[in-house]
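Please read the structure below before turning to the comments.
Bear in mind these aren't lab numbers, they're just calculated from the coordinates by the rules spelled out. Source: prediction; values computed, not measured. For neighbour counting, all protein chains shown are included, and Cβ atoms are generated from backbone atoms with ideal geometry for every residue, glycine included.
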Amino acid sequence: MIRYIGKSADDFFDMCGWNDYPIATGIGSSGLPEITPASTGDVIPFQGSQKSNTVQKVPAKSQSDENELQEYIYNMAELGAAGNFVLMKDGSWKEYYDYRDFSENENYARTSDGYVRLKHVYYTYGINYQYTNAHAEFGLYSFPPQKPEASMNSYTRSTEFNAMQRSPRKNTIVTRADDDEYLDVEIGFKNTEGCTEILVEQTDSDYPVPYTYFVDVNAGCFTAYMNRKYPSTFRLTYYNEAGENIGEPFTIDLRGKISHRFDWEATILTEDELKYKFTDAVAIELSKADYILTKIDDPIIRLKGKLDKTEGSIDISNLPKGAYVFTVIVEGEVYSYKLVK
């Protein structure tokens, strides 16, 4: 998508050579270069990857600032030299020679469908070599998913009923101690463009055998069940028709971080008032609690303030209709509730 950003950028575009010919996303120009756009109806199937771990070493060389700038502009150019190139996340074009040269660990730019973006540039000469015609053909390449990245968003206390009913280890003997506290832990994940399935492997420290389950790709997060006394290690695997990519394991340890956890609820009963109630007031000092209210689709803070009692209401009459996140921060701990006005 090209957006108008004013005349002030013209000098920079001229320096980069971007004003001399149509930008690739501007399909339909009658001038040169000749541009063939990519199409999701003509995706190049995945060709596999080389198993060799050989790394080509490039001799170190000193460069002046001017040379580095020219190299940067060259790598970002819409056309550039003739050859085959793949678009990287930093906006540069990296040359390749064979589809199997692609590495699953590289930061390739992706379409929303997860395809890798390719460019083939070649030049032809006019009559008597009096001029040169530039040609750019763009394509899409099916490729395994990106490497998973995930981390904990938040956690809340589970009820005893939900804890026993939703335990993923139904076939094991579950014993309860008086000080057991079960938690619903929300884990967020990203880099899902083109991913069709996500497998979660969870290993609890109180039980050596890991168990696995699939989660919704489109949700952006999932809820894991944990006993607060025992850390759990998670590892995510992304799948699509071209292959899989396994993320690094990470451990969530909530021991000693539950002293300020509390049960609470919030609701919007009228268009003018948000009501909240902390049902476990003993576990929190509300004099140290701050709150913010943001829209889900807009991170700008719409309301903020302090809470000084365990039950009350907040005036939201000036807020537009929409979906909101009501967030409370207590001594660095974050709790959130989703609401709709």
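Some points to look at:
- FRET E, pair Glu273, Asn153, Förster distance 30 Å, beta-carbon r, rounded to 0.05: 0.65
- Whichever aspartates and glutamates have a C-alpha closer than 16 Å to that of Lys321, once near sequence neighbours (fewer than 8 apart) are set aside: Glu271, Asp272, Glu273, Asp297, Asp298
- Cross-linked pairs Lys275/Lys338; Lys89/Lys304; Lys119/Lys190: Cα-Cα separations exceed 24 Å for Lys89/Lys304; Lys119/Lys190.
- Summarising the amide proton neighbourhood of Gly322: residues at separation of 5 or more, or on other chains, whose placed amide H is nearer than 5 Å comprise Lys341.
- In this structure, the amide hydrogen of Thr36, modeled 1.01 Å from its nitrogen in the peptide plane, lies closer than 5 angstrom to those of Ala136, Glu137, Phe138, counting only residues at least 5 positions away or on a different chain.
- Per-residue Karplus couplings for segment 34-39, computed as 6.51 cos²θ - 1.76 cosθ + 1.60 with θ equal to phi - 60°, are listed in order as 7, 10, 10, x, 7, 9 Hz, Gly and Pro entered as x.
- For segment 207-219, 3J(HN,Hα) per residue [Karplus equation, 6.51 cos²θ - 1.76 cosθ + 1.60, θ = phi - 60°, Hz, x = Gly/Pro]: 8, x, 8, x, 10, 10, 7, 8, 10, 6, 4, 6, 6
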